[in-house]
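Here the structure comes first, spelled out in structure tokens, and everything after it is commentary.
The values are calculated or read from the model by the stated rules, or taken from the named source; none is laboratory data. Bear in mind that the values here come from a model prediction, so they are computed numbers and not experimental data. Please note: Cβ atoms are built from the backbone with ideal geometry, for glycine as well, and neighbour counts cover all protein chains shown. Quick note on the areas: whole protein, heavy atoms, side chains included, nothing else; ligands and nucleic acids left out. Shrake-Rupley method; radii C 1.70, N 1.55, O 1.52, S 1.80 Å.
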Amino acid sequence: MFPTVREVLALDPVRHGAPRLVAGEARLDRPVRWVHVAEVPDIATLLGGGELVLTTGIGLPADDAGLRAFIGDLAGVGVSGLVVELGRRYLSGVPRVMVATAERHGLPLVELRRATPFVRITEAVHALIVDAQLTELRATEEIHQRFTELSVEGADPGEVVRQAAELSGCPVVLENLSRQVLAYDPAGENAELLLNGWEQHSRRIRPAGRTAYDPDSGWLVTTVGARGEDWGRLLLRWPGGGALSRLDGNALSRVDGNALSRLDDGAPSRVDGVVVGPVVPPTRLTILVERAASTLALGRLIRRDEEGLERQIHRTLLTALLDRSRPVDEVALRARGLGLVLERRHLVGVVIRHRADDPAPDSGPADDAGSGGDPGPARLRDLAESVGQALREANLTGLTSAVDDQAVGVLLALPDPASEERALAAFAAALRRSRPDPRPTGPRPSDPRPADLRSAELRSVDPRSAELRFADPAPVRSGSGDKGTAPVRSGSGDRGTASGRSASGLIIAAGSGVGSLREAGRSLTEARQVAEAARRDRRELPIFRLPHVGLAGLLHLLRDEPRLQTFVERELGTLLAYDAQHPREQLLGTLRAYLEQGRNKSAAAVAAHLSRPAFYERLARIGRILDVDLDSVDACLSLHVALLALDTIRTP
């Protein structure tokens, strides 16, 4: 904001006095806050620092000690310089003791060898200061106007950062709380050098306060956030401090059209490589980074609100298609208002959910706070965001939102049926890339059966005939002497068993493609049913379709069928009634362990955490209650199908 001593000496009224610098050349770049005329030796007590003192010397002490004290007092209060007009007290030059003392204190001392009206100097300097203040006001107004426009326009973070760099002429970096760069503008410098080892460099920049300057690194830092939730930092590298100083001492702020030039007022000088003078960034830079940070925070809130509103509309439309609560024409119209065309498109319903037995990921403090301590909503919200990102990455369009408390639905709008498989594959790949599975792959630890026993399973199920075909019984190497047959499992084709889980712990299920919006609800319903049926499927399939879910899928589709419910009651009703009367025993779990372990009693006892005698006694009791022979393959097959159907019926 203020001119320097060097610039004051270049003014015409001062040049008229034939100025000559006799001491303090190293401090010529000190800012001049005001000009003060003084003719008394004790003037220092009336000054506040930053003044340029003008004097004729007529009131100065006559002895050397007094002159030393006078110069020392001026330097002590921080005046910018001393100008002495020759001719009244000193004829040929100021005393040498004044020169030596001023040099020792680093105080610029100037002789005016020609008589000069001090009023002209004060008027010129004060006019320069007022002009600088007006420039400061115009610069501040430009900053506010520029960032207000960016806020109204909803500029993205990259544009806000670019504008901040353009206005300041300094490199600007936006980072998150993990010190990862979200956006940057090097302001003409080498971007690779700017960002090289950024995380480590940023962690060393720790100024105190929400907005503060770190003189060691030369970065002006402000926190970015709103509503008590901080999510990043905005950093501006000011070349006026630290090891990054590159000033020539002559730069002043200027407003040129809509752009601001360098903002270097108050900048330090260097003497023998050491920074001297003020090392505080100008006020305009602080205003600039804070306005940029508030624009970034406001933009994030706006985008979050817009995204939340858009998701609400998507959920309303998807729900309307599922339960047919709104006319199809209204759904199409509202979707078109979102920029999504659903008419004359090939539509495919997709449902994404976590596996039923996969634990929810650990939730951080932010998730807990956002969901009242319940990781479920945070987990579903995270999944919905990943699905949206995958759609954008795969360059697909469609309605997407949570369809219940566990699943996210998507209605893909494709140009033609030929693109269906390609689009689904691209979407699945993008989603799994965005959600890598941190868990190790391998056999499930809850399945203690030997590998050869696990590999024996139901070979195939034809959903149209529900004909079950078994693999040949495999010998059991349990060491117990027990022999069992293959477990009853649902499957289709030669599937085998997966040695690990899905790459992302997700089930991605797709319904049949349809050619009109009126049939879209059927595709979404089918996708949701397939996703439900596939929850216990351990195979690593990119996309589950109806033919993949086999017996479990068939039972799920028939879950509301009274004849299936009657079958379950006929097979398991007496055992369920017994468990209801004896809650401590729960024999249904014992039967489940026996059937899931392929009728291997030893392995089933281990899985049920029971001793063999206790397990055998329970099996005998189950046989008596159900009046069945549990060594019969046919009887066990019927019971296992009933158990699968019961699980399907009980699934919410």
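Every residue, every condition in (1) crowded, with 18+ Cβ neighbours inside 10 Å; (2) modelled with pLDDT of 90 or more, yes or no:
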| site | (1), (2) |
| --- | --- |
| Val568 | yes, no |
| Glu585 | no, no |
| Leu591 | yes, yes |
| Arg624 | no, yes |
| Cys636 | yes, yes |
| Leu643 | yes, no |
Residue within region 614-621 that is open to solvent by 60 Å² or more (accessible area, probe 1.4 Å) and at pLDDT 85 or above present: yes
Selection from region 7-29 of residues that are open to solvent by less than 60 Å² (accessible area, probe 1.4 Å) and either charged (D, E, K, R) or part of a helix (DSSP H, G or I) (or both): Glu7, Val8, Leu9, Pro13, Val14, Ala26, Asp29
Strands (runs of 3 or more DSSP E) completely within region 165-266 that count 1 or more residues being open to solvent by 80 Å² or more (accessible area, probe 1.4 Å) and at pLDDT 75 or above: 181-185, 229-237
Members of region 557-594 found to be farther than 19 Å from Leu639 by Cβ, in a helix (DSSP H, G or I) and not aliphatic (A, V, I, L, M), listed by number: Pro562, Gln581
Residues within region 602-620 that are touching a Gly at 6+ places or on another chain (Cβ under 9 Å), among the aliphatic types (A, V, I, L, M) and in a helix (DSSP H, G or I), tallied: 2
Number of the condition not met by Arg120 [criteria: (1) within 23 Å of Val94 (Cβ to Cβ); (2) part of a helix (DSSP H, G or I); (3) out of contact with any Pro (no Cβ under 6 Å at 6 or more places or on another chain)]: (3)
Residue that is farther than 30 Å from Asp405 by Cβ, open to solvent by 20 Å² or more (accessible area, probe 1.4 Å) and of a type in the set (Gly, Ala, Ser), where the choices are Ala580, Ala608, Ala603: Ala608
Subset tally (residues that are crowded, with 19+ Cβ neighbours inside 10 Å and not charged (D, E, K, R)) for region 133-164: 9
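Per-residue answers, yes or no, for (1) farther than 21 Å from Arg15 by Cβ; (2) without any contact (Cβ under 8 Å) to a residue 60 or more places away in the chain; (3) under 49 Å from the mean Cα position of the chain (by Cα):
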site: Val94; (1), (2), (3): no, no, no
site: Thr116; (1), (2), (3): no, no, no
site: Glu136; (1), (2), (3): yes, no, yes
site: Glu141; (1), (2), (3): yes, yes, yes
Test for Arg650: is it free of Cβ contacts under 8 Å to residues at least 12 places away in the same chain, under 27 Å from Glu532 (Cβ atoms) and surrounded by fewer than 21 Cβ atoms within 10 Å (Cβ to Cβ): yes
Flag for Thr4 being modelled with pLDDT under 95 and either surrounded by fewer than 22 Cβ atoms within 10 Å (Cβ to Cβ) or touching a helix residue (DSSP H, G or I) at 6+ places or on another chain (Cβ under 7 Å) (or both): no
All positions within region 390-433 that are open to solvent by less than 60 Å² (accessible area, probe 1.4 Å), farther than 16 Å from His354 by Cβ and outside any helix (DSSP H, G or I): Ala394, Leu396, Gly398, Leu399, Thr400, Ser401, Leu411, Leu412, Ala413, Leu414
Strands (runs of 3 or more DSSP E) wholly inside region 32-117 containing at least 3 residues that are open to solvent by less than 30 Å² (accessible area, probe 1.4 Å) and at pLDDT 90 or above: 51-55, 81-85, 109-112
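Matching residues to (1) aromatic (Phe, Trp, Tyr); (2) modelled with pLDDT under 80; (3) touching a His at 6+ places or on another chain (Cβ under 8 Å); (4) more than 30 Å from Arg535 (Cα to Cα):
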position: Arg291; (1), (2), (3), (4): no, no, yes, yes
position: Arg315; (1), (2), (3), (4): no, no, no, no
position: Leu321; (1), (2), (3), (4): no, no, no, no
position: Val331; (1), (2), (3), (4): no, no, no, yes
position: Leu347; (1), (2), (3), (4): no, no, no, no
position: Ile352; (1), (2), (3), (4): no, no, no, no
position: Pro365; (1), (2), (3), (4): no, yes, no, no
